[in-house]
1. How many residues does the stretch 162-174 contain that are surrounded by 19 or more Cβ atoms within 10 Å (Cβ to Cβ) and more than 14 Å from residue 132 (Cβ to Cβ)?
2. In the stretch 62-110, what residues are exposed (fewer than 14 other Cβ atoms within 10 Å of the Cβ), under 29 Å from residue 31 (Cβ atoms) and under 12 Å from the mean Cα position of the chain (by Cα)?
3. Answer yes or no: is there a residue in the stretch 134-150 that is over 30 Å from residue 171 (Cβ atoms) and surrounded by fewer than 16 Cβ atoms within 10 Å (Cβ to Cβ).
4. Determine which member of the set 91, 9 is assigned to a loop (DSSP other than H, G, I, E, B), modelled with pLDDT under 90 and under 30 Å from residue 126 (Cα atoms).
5. Looking at the stretch 23-48, which of its residues are in contact (Cβ under 8 Å) with a residue 24 or more places away in the chain, open to solvent by 90 Å² or more (accessible area, probe 1.4 Å) and of a type outside the set (Gly, Ala, Ser)?
6. Which condition number in (1) touching a strand residue (DSSP E or B) at 6+ places or on another chain (Cβ under 6 Å); (2) open to solvent by 40 Å² or more (accessible area, probe 1.4 Å); (3) in contact (Cβ under 8 Å) with a residue 24 or more places away in the chain is the one that residue 127 fails?
7. Out of all the residues in the stretch 105-124, which are touching a residue at least 40 places away in the same chain (Cβ under 8 Å), among the hydrophobic types (A, V, I, L, M, F, W, C) and under 30 Å from residue 163 (Cβ atoms)?
8. Out of all the residues in the stretch 109-120, is one or more modelled with pLDDT of 95 or more, more than 19 Å from residue 89 (Cβ to Cβ) and not in a loop (DSSP other than H, G, I, E, B)?
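The values are calculated or read from the model by the stated rules, or taken from the named source; none is laboratory data. What you see is a predicted model, and the numbers here were worked out from it, not measured in a lab. Note that we place each Cβ from the backbone using ideal geometry, even for glycine, and neighbour counts take in every protein chain shown. All accessible areas refer to the heavy atoms of the entire protein, side chains included, with ligands and DNA or RNA removed. Shrake-Rupley method; radii C 1.70, N 1.55, O 1.52, S 1.80 Å.
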Amino acid sequence: KILLDRFDPPLVPTDTKVAAAVTALEYDPGSGRFSAVLALSGARMAPLSLALAGTVQRMVAVPVAVAALPAGSVIGPGDLRIARRPAASLPGAVARRADQAVGMQTLRMVAPGAPFVLAALGPPVLVRKDALVLIRIDQPGIALTAQGRALQPGGAGDAIRVLNPTSHAVLRARVIAAGEVRVSPDAPPLVPAGGVVPGGEAVR
């Protein structure tokens, strides 16, 4: 994308084929600044020379938000579109492809037309803190389920602490789906039944 500092279009005859040529082109890659002379000529006009100066911006195509997305939104295909933005204006590492954003959850609000900053995206939270969860314990020949309370939030694959409200034991569980966790049958509880840690403190 080329941004001219100032350009007043010259008046040329409408019934004349005008030839244009750019000469004396100078460009600074570091700043993106350029200068040149635009020469115009035609059969029914006096030759014109116009000094040009401006900036060249490198543009990139990135996904941007179609509308405002509040924090905690899970991004769907209809929530974004591809738009060209100046590379220098991008706020750090952003999603360059739609599949880097779709299915992710926003950690803060995304304004309309804004790109998706990777550091502000995360996997969807499938289990929220203090929410009731289904605890699954699978072992050869038997599958057990129980209800528990999540002591931490977590997304798919995250290891979180879960309280068994009956025994008051605290278990380490892995999030496998929305509202569901799995506990390894061989894993000892983080806090044993009774909910009292070795120092005598009760789990709340």
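1. The qualifying residues number 3.
2. Correct list: 91, 92, 93.
3. Of all residues in the stretch 134-150, those over 30 Å from residue 171 (Cβ atoms) come to none.
Looking for residues that are over 30 Å from residue 171 (Cβ atoms) and surrounded by fewer than 16 Cβ atoms within 10 Å (Cβ to Cβ), one finds none in the stretch 134-150, hence no.
4. Working: 9 fails: under 30 Å from residue 126 (Cα atoms).
So the residue among 91, 9 that is assigned to a loop (DSSP other than H, G, I, E, B), modelled with pLDDT under 90 and under 30 Å from residue 126 (Cα atoms) is 91.
5. Within the stretch 23-48, 27, 44 meet the criteria.
6. (2)
7. Listed by number, the list holds a single entry, 121.
8. No, every residue in the stretch 109-120 fails to be modelled with pLDDT of 95 or more, more than 19 Å from residue 89 (Cβ to Cβ) and not in a loop (DSSP other than H, G, I, E, B).
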